[in-house]
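Heads up, the thing below is written out as structure tokens.
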Amino acid sequence: QSDNYFEVLSPCIISSNCNTVITCKYFEISAQSVSISNINFETTVLAQCTEKLSVSNCEFKNAKSGLGVFTISFCADVTISHIAITNTAQIPGLYICQNSTVVADHINIHDIPYTLLACDGCSTLKITESNFTKAEKNGIHVSDQSSIEISNSLISDTGYPGIIVNDSQCTIRDNELRNIAQNSISLSSSEKFLIENNTINNGGATAISVERSIGVINSNKITKVQGNGIHCSNNSDVQITNNEINDASYPGIAVISNAKVAIFKNK
């Protein structure tokens, strides 16, 4: 515990077998290569300009300020696994930015008074087997020419859209989205997107909303939404196949504003 700032400047391995907690004003990682495991952080953590970073079995909480609770910026090769983020100020739980490349699994981010995960600045994220629950804003927000692949994950109980993608590419496959106050999935200006084999239940607005985008919506199960099941608009070009839509308050599939849509084998 300290009132100072800490910076990791040299390549190293930081690990613990005795439930170590690090509490300080700010913890920054800027060394070329760092591996961190089994540490509990009660502070804001920033990793920037690292060429290889591995973080596993860590918990992040009680961050008071910063761009995000755990921010990854200008990092080339990042692997994060089995981390938990909760109980923070009004900042994203996990923030990936500035041309970073991240592969993640078993991430648990919950009870955040903001967006759970944000990815922007031409960054690339592949994430699987993770949970994003209870946010006042978005579950996952992707923007600014970034790319995300999310699979086998849960997104639930968010005040804003569960997944929102702007000017970026996405593959959203084999996930569950439930109890989303607004649109469950919202895409804008996304080329070659794929939304496939997701389960969407109990949405406060439209399940899947697409505008100015090109891609495929296939084999999703949509139940109990207060808007459309699928809504395509603003010159989108979309193939909608093999989806099952039940109990939508508005038309199951809506095509408006010069959208071009092929619709086959839906129920």
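Quick one: is GLU149 more than 14 Å from LYS61 (Cα to Cα), among the acidic types (Asp, Glu) and touching a Cys at 6+ places or on another chain (Cβ under 8 Å)?
Taking the combined requirement at face value, the residue satisfies it.
For segment 116-131, name all the residues that are under 17 Å from GLN169 (Cα atoms) and part of a strand (DSSP E or B). Within segment 116-131, LEU117, ALA118, CYS119, THR124, LEU125, LYS126, ILE127, THR128 meet the criteria.
When only residues in segment 134-158 that are touching a Gly at 6+ places or on another chain (Cβ under 9 Å) and part of a strand (DSSP E or B) count, which is most open to solvent (accessible area, probe 1.4 Å)? Explain how you work it out, then say what you get.
Step one: list which residues in segment 134-158 are touching a Gly at 6+ places or on another chain (Cβ under 9 Å), which gives 135-140, 143-146, 155-158.
Remaining after also requiring part of a strand (DSSP E or B): 135, 140, 155-158.
Working: ALA135: 10, ILE140: 1, ILE155: 0, SER156: 3, ASP157: 64, THR158: 6 Å².
Taking the candidates together, the pick is ASP157.
Close contacts from segment 237-260, counting a first residue that is over 13 Å from ASN220 (Cα atoms) and a second that is surrounded by fewer than 13 Cβ atoms within 10 Å (Cβ to Cβ), with Cβ to Cβ under 8 Å and a gap of 6+ residues or different chains, come to ASP237/LYS260; VAL238/LYS260; VAL238/ALA262.
The values are calculated or read from the model by the stated rules, or taken from the named source; none is laboratory data. Quick caveat: nothing in here was measured; it's all calculated off a predicted structure. Reconstructed Cβ throughout: ideal geometry from the backbone, glycine too, with neighbour counts over all protein chains shown. These accessible areas exclude ligands, DNA and RNA; they are computed on the full protein's heavy atoms, side chains included. Shrake-Rupley method; radii C 1.70, N 1.55, O 1.52, S 1.80 Å.
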